[in-house]
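For reference, the structure discussed in these notes is given below.
The values are calculated or read from the model by the stated rules, or taken from the named source; none is laboratory data. None of the values given here were measured: they were computed from a predicted structure. Neighbour counts are summed over all protein chains in view; Cβ atoms, including those assigned to glycine, are modelled from backbone coordinates with ideal geometry. Surface areas here come from the heavy atoms of the whole protein model, side chains and all, with no ligands, DNA or RNA. Shrake-Rupley method; radii C 1.70, N 1.55, O 1.52, S 1.80 Å.
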Amino acid sequence: MDCLERFLTFAEQAPTAFQAIALFRKELEEKGFRELREADPWLVDAGGRYYVVRNGSSLIAFTVPQSGFSAFRIAAAHSDSPAFKLKPCFEDPAEGAYIRLNVEKYGGMIMSTWLDRPLSIAGRVIVRNGDAVESRLVDLDRDTVLIPNMPIHFNRQINDGYAFNPQVDLLPLYGEAGASGKLMEEIAENAGVKKEDILSHDLFLYSRQPASVWGADDAFFSCQRIDDLECAWGAVTAFADSEGRDSVNVCAVFDNEEVGSGTKQGADSGFLYDTLTRLGFALGASDGEIRAAVAGGFMVSADNAHAVHPNHPEKYDKQNRVYMNRGIVIKHNANQKYTTDAVSDAVFSLVCEKAGVPVQHFTNRSDIPGGSTLGNISNSHVSMNTVDIGLAQLAMHSACETAGTKDPEYLISALKAFWEQELPIVK
Ligand code: CO
C-alpha cells in the first residue's frame, strides 16, 4: 500500500482522538515499542523504544540511543479535530415524532459542512467492571444520524449568509419517537457491555463520507480530520520506521489543541515535561544533564497550514503563500504565535534540503490574524529551538478537508531525516 493509501485507511479508522491513539499504540507495539505507565515506576534501557499514553487521547513515544542519555529531538502534532460532542443526557424528543440528540460544539468547525450528510458516533465509554471502572472504545461505524437543513422556502436568506445557532439548528436527527433509548443500546452493544454498566461517555459525531482521491492527475485528496491527522500520522509513521542515532528521539501527539491545549493531556500540561524528566532520571541523568538535554534539543511542531484558496487568493500574503503538493510549509509570525525564528528555520530547512524535500514559507497577511498551534504552548513548559511546520491544505475545520496527494510522503521523508541524521550545529 502506498503512503497516501495508508494514511487514508488510518484517517477513516480514526474518527476521534481515542481511535487515533489506539491505532498509534498498535503500530508502535508492532514496531517493538513497549508501553510505560505513568502511575508505575519506569525502567528504561539504552537502545530501548517506549511509549506513554495519557487519557487514551495523547501519546508520547521515545527511543533511547545505545550511547545513553543525550539531547532531545522532538516532533509534536495533535490528535483532535473540531466536532460535535454528545451531552451527558443526549436524548432530545421533538414533536412527539422525533428523537434528536442534544450536542455541543467542540472546537471551531465550519458548521454548515456538517449538515445533510450521514454522520456516525464514536469515542469512548467508561464502564463498570466489578469495583473498577474501565474505558471502552466505541465506533458505531454506520450512518446513524443527520443534521437536516431547513428548506430554502422557509429560509430564503440562507445563501446571503446565515448564523447557525448550535442549540437550535444543529441538533442531529436519530429516529422516530419509538427510538427512545435505542441509541444507548447501540452504544452498549458496540462497546460489548450492558447498557446499565455504562457510567459515562465522551462521544462525538463524525462524517461518514469516505476518503477520496480526485482531480486531474489525482492531485488532491479529501477526508475528515486532515488537520491534524496528516501530521500526527506522518510523525508516528516516520518515528516508528526511524533508526535512532545519538539523540533521544521523541514523538508527541497531544489532544485538545482545538480547544486551547489547556487540559491534563494537552500541550499546555506537564505531559511532555514529565515524560522527558522521568526518562532522564530513569537513565541516571542528573537534573543538570536533563536541562542540558532540553537546551541542546530541537522541536518540530507539526500542524497543517493554509494553501492559497483558488477562489480567494486575495486573503493570503503576497510573498509568503503556500500550495498543496509543494512540500513542507515553514510557518512564521512576528508575534511568535508560531515558534519559528531564523535559527530554527535555517536548521530545519537544511534537514529538508538533505532529505530532498521542498520547503515553502507561510505568513498571514499583516491585516489578518492567523490561528495558533501547540508549538509556543509546549515551549512554555519545555523550552528549546522550535520550528512550526505543516502541510498545505484547503478548507481547514470543514467536516471534509482537502490536501495534496504528494505531501504525506514529503513529511515522512523530512521527519525521518530529522530523527536519523546529524543536525547542523548551531554556533
Ligand atoms: Co491543527
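Values as computed for the structure displayed
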| quantity | calculated |
| --- | --- |
| Residue within region 327-343 that is at negative phi and touching a Cys at 6+ places or on another chain (Cβ under 8 Å) present | yes |
| Checking Gly266 against (1) closer than 20 Å to Ala77 by Cα; (2) away from the ligand (no atom under 16 Å from the Cβ); (3) of a type outside the set (Lys, Arg); (4) assigned to a loop (DSSP other than H, G, I, E, B), the condition it does not meet | (2) |
| Among the residues listed as Asp246, Asp287, the single one being away from the ligand (no atom under 16 Å from the Cβ), surrounded by fewer than 21 Cβ atoms within 10 Å (Cβ to Cβ) and at pLDDT below 95 | Asp246 |
| From the options Arg49, Arg73, Arg37, Arg25, residue that is modelled with pLDDT of 95 or more and out of contact with any strand residue (DSSP E or B) (no Cβ under 7 Å at 6 or more places or on another chain) | Arg37 |
| Of the criteria (1) closer than 25 Å to Lys105 by Cβ; (2) open to solvent by 20 Å² or more (accessible area, probe 1.4 Å), which one Glu353 fails | (1) |
| Matching residues in region 206-231 - criterion: being touching an Asp or Glu at 6+ places or on another chain (Cβ under 9 Å) and within 16 Å of the ligand (Cβ to nearest atom) | Cys223, Gln224, Arg225, Ile226, Asp227, Asp228, Glu230, Cys231 |
| Per-region count, region 370-399, residues of a type outside the set (A, V, I, L, M), within 16 Å of the ligand (Cβ to nearest atom) and not in a strand (DSSP E or B) | 9 |
| Every residue from region 352-370 that is within 14 Å of Lys331 (Cα to Cα) and either free of Cβ contacts under 8 Å to residues at least 12 places away in the same chain or in contact with a strand residue (DSSP E or B) (Cβ under 6 Å, 6 or more places away or on another chain) (or both) | Val359, Gln360, His361, Phe362, Pro369 |
| Residues of region 356-396 satisfying the condition of being of a type in the set (Asp, Glu), open to solvent by 50 Å² or more (accessible area, probe 1.4 Å) and in contact with a helix residue (DSSP H, G or I) (Cβ under 8 Å, 6 or more places away or on another chain) | none |
| Qualifying residue in region 411-425 (condition: closer than 26 Å to Glu314 by Cβ and modelled with pLDDT of 95 or more) | no |
| Unique match (being of a type in the set (Ser, Thr, Tyr) and either open to solvent by 10 Å² or more (accessible area, probe 1.4 Å) or over 21 Å from the mean Cα position of the chain (by Cα) (or both)) among Thr237, Thr277 | Thr277 |
| Enumerated strands (runs of 3 or more DSSP E) restricted to region 103-179, each holding at least 1 residues that are over 23 Å from Phe18 (Cβ atoms) and open to solvent by less than 60 Å² (accessible area, probe 1.4 Å) | 173-176 |
